[in-house]
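Asker: Mind looking over this structure? Questions follow.
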Amino acid sequence: MPAAVYAVQSSSTNYQVNEVFFGSGGELNACSGNYCSKQSAGELVTGRTSSNGYQAQGGFNTNREPYLEFIVSNNVQNVGEIEPNQTKTANANFSVKTYLASGYVVTTESDPPTNGSHALSSPSIPTSSNVGTEQFAMNLVANTFPASYGANPVQVPNNSYSFGQVSNDYNIPNQYKYTKGDTIAFSNSSSSTTNYTISYIFNVSNVSPGGTYTMNHVLVATSTF
């Protein structure tokens with residue numbers, strides 16, 4: 001016979017604490033024969049509180065199951081022909097939210113754009129865009145060079161609830177890098193949604209092989225505990 005599994009927020013050998021509320025009017029599960037709802041009338045406080053060792057989510061409409069939400073949008077880009085005398089740019093977007101976790105990390109897990117056996121060179125440290133020098137790189141902030149494009153992370157609904165950050169090497173305006181396996185974004189706590197914008201640059205040199213370069217950009221989001 002399978003053992004029973006109990007979802008509790010905190011437990012020890014002798015005690016456990018399930019999701020509870022203080023106040024009047026709220027109810028975690030108000031159910032009839034066919035429907036269930038969560039009620040928040042009389043709610044006194046919402047949001048996250050934490051210390052060095054613990055964190056808690058306040059509010060009637062909280063869930064006891066950990067989860068991670070990762071959404072990618074604007075994810076198909078065609079930059080057209082790239083000439084040695086110009087830089088091409090592009091943007092892509094993703095958002096991350098995690099709950100009942102210690103945070104999350106987002107890593108990039110793809111090779112640079114490739115044409116046959118040739119992959120575009122990528123700077124391993126943050127570097128300016130250099131026309132005529134083969135470069136594929138990116139950052140996750142608003143830029144003014146080589147164009148005004150990109151955006152800084154947006155906390156949804158605000159920075160009282162959302163805590164996503166850009167990793168240092170990808171957080172410098174007008175400086176770009178790319179290394180497969182890098183952590184590009186993270187949070188050090190449970191967080192509501194943070195919207196990120198990836199800003200890409202594409203440069204080729206006079207000796208870059210001609211042809212079609214493609215990249216399937218794989219991002220991996222992982223909750224941390």
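The values are calculated or read from the model by the stated rules, or taken from the named source; none is laboratory data. Here the structure is a predicted model, which means the values were calculated and not measured. Neighbour counts are summed over all protein chains in view; Cβ atoms, including those assigned to glycine, are modelled from backbone coordinates with ideal geometry.
Asker: Select from segment 207-221 the residues that are crowded, with 18+ Cβ neighbours inside 10 Å and either over 15 Å from Phe136 (Cα atoms) or acidic (Asp, Glu) (or both) and list them in ascending order.
Answerer: Leu219, Ala221
Asker: For segment 142-151, state whether one or more residues are of a type outside the set (Gly, Ala, Ser) and closer than 20 Å to Leu219 by Cα. Spell out the reasoning first.
Answerer: Step one: filter segment 142-151 for residues of a type outside the set (Gly, Ala, Ser), giving 143-146, 149.
After this cut, where a residue has to be closer than 20 Å to Leu219 by Cα as well, the list is none.
Scanning segment 142-151, I find no residue that is of a type outside the set (Gly, Ala, Ser) and closer than 20 Å to Leu219 by Cα, so the answer is no.
Asker: Given the structure, is Glu134 charged (D, E, K, R) and farther than 30 Å from Val156 by Cβ? Don't jump to the end; show me each part of the working.
Answerer: Details: charged (D, E, K, R): yes; farther than 30 Å from Val156 by Cβ: yes.
Yes; evaluated as a whole, the condition is true for this residue.
Asker: Residues in segment 101-128 that are of a type in the set (A, V, I, L, M), out of contact with any Pro (no Cβ under 9 Å at 6 or more places or on another chain) and more than 11 Å from Thr179 (Cβ to Cβ): how many? Before you say what the answer is, go through the steps one by one.
Answerer: First pass over segment 101-128, keeping only residues of a type in the set (A, V, I, L, M): 101, 105-106, 119-120, 125.
Within this subset, residues satisfying the condition of being out of contact with any Pro (no Cβ under 9 Å at 6 or more places or on another chain) are 105-106, 125.
Applying the additional criterion that residues be more than 11 Å from Thr179 (Cβ to Cβ) yields 105-106.
Going through segment 101-128 one residue at a time, the tally reaches 2.
Asker: All but one of (1) closer than 23 Å to Val207 by Cα; (2) modelled with pLDDT under 95; (3) of a type outside the set (Asp, Glu) hold for Ala101, so report the exception by its number.
Answerer: Looking at each condition in turn, Ala101 falls short on (1).
Asker: Separate question: How many of the residues making up segment 91-118 are assigned to a loop (DSSP other than H, G, I, E, B) and either of a type in the set (Ser, Thr, Tyr) or in contact with a Gly (Cβ under 8 Å, 6 or more places away or on another chain) (or both)?
Answerer: The first filter runs over segment 91-118 and keeps only residues assigned to a loop (DSSP other than H, G, I, E, B), leaving 100-102, 109-113, 116-117.
Remaining after also requiring either of a type in the set (Ser, Thr, Tyr) or in contact with a Gly (Cβ under 8 Å, 6 or more places away or on another chain) (or both): 102, 109-110, 116-117.
The number of residues fulfilling the criteria is 5.
Asker: Does Ser121 satisfy the condition of being more than 30 Å from Phe225 (Cβ to Cβ) and among the hydroxyl-bearing types (Ser, Thr, Tyr)?
Answerer: Numbers: more than 30 Å from Phe225 (Cβ to Cβ): yes; among the hydroxyl-bearing types (Ser, Thr, Tyr): yes.
Judged against the criteria, Ser121 is a match.
Asker: I'm trying to understand the selection: among the residues of segment 128-147, which are of a type in the set (A, V, I, L, M), part of a loop (DSSP other than H, G, I, E, B) and within 26 Å of Thr194 (Cα to Cα)? Steps first, please.
Answerer: If we filter segment 128-147 for residues that are of a type in the set (A, V, I, L, M), which is where we start, we get 131, 137-138, 140-142, 147.
Applying the additional criterion that residues be part of a loop (DSSP other than H, G, I, E, B) yields 131, 140-142, 147.
Within segment 128-147, Leu140, Val141, Ala142, Ala147 meet the criteria.
Asker: Test Ser124 against the criterion of being over 18 Å from Pro209 (Cα atoms), surrounded by fewer than 17 Cβ atoms within 10 Å (Cβ to Cβ) and of a type in the set (Ser, Thr, Tyr), and give yes or no.
Answerer: Numbers: over 18 Å from Pro209 (Cα atoms): yes; surrounded by fewer than 17 Cβ atoms within 10 Å (Cβ to Cβ): yes; of a type in the set (Ser, Thr, Tyr): yes.
In short, yes.
Asker: Here is a follow-up. Scan segment 161-206 for residues that are more than 18 Å from the chain's Cα centre (by Cα), surrounded by fewer than 17 Cβ atoms within 10 Å (Cβ to Cβ) and in contact (Cβ under 8 Å) with a residue 60 or more places away in the chain and jot them down.
Answerer: Ser205, Asn206
Asker: I've got another one for you. Taking Ser121, is it in the same structural domain as Ala185 (by TED's automatic domain parsing), part of a loop (DSSP other than H, G, I, E, B) and without any contact (Cβ under 8 Å) to a residue 40 or more places away in the chain? Break it down stepwise before answering.
Answerer: On the way: in the same structural domain as Ala185 (by TED's automatic domain parsing): yes; part of a loop (DSSP other than H, G, I, E, B): yes; without any contact (Cβ under 8 Å) to a residue 40 or more places away in the chain: yes.
Here the answer is yes, as Ser121 does meet what is asked.
Asker: For segment 116-133, give me the residue count where each residue is within 15 Å of His217 (Cα to Cα) and of a type outside the set (A, V, I, L, M).
Answerer: First, the residues of segment 116-133 that are within 15 Å of His217 (Cα to Cα): 119-120, 122.
If we keep only those that are of a type outside the set (A, V, I, L, M) as well, we get 122.
Result for segment 116-133: 1.
Asker: Exactly one of (1) buried (at least 18 other Cβ atoms within 10 Å of the Cβ); (2) under 30 Å from Ser191 (Cβ atoms); (3) free of Cβ contacts under 8 Å to residues at least 60 places away in the same chain is unmet by Met138. Its number?
Answerer: (3)
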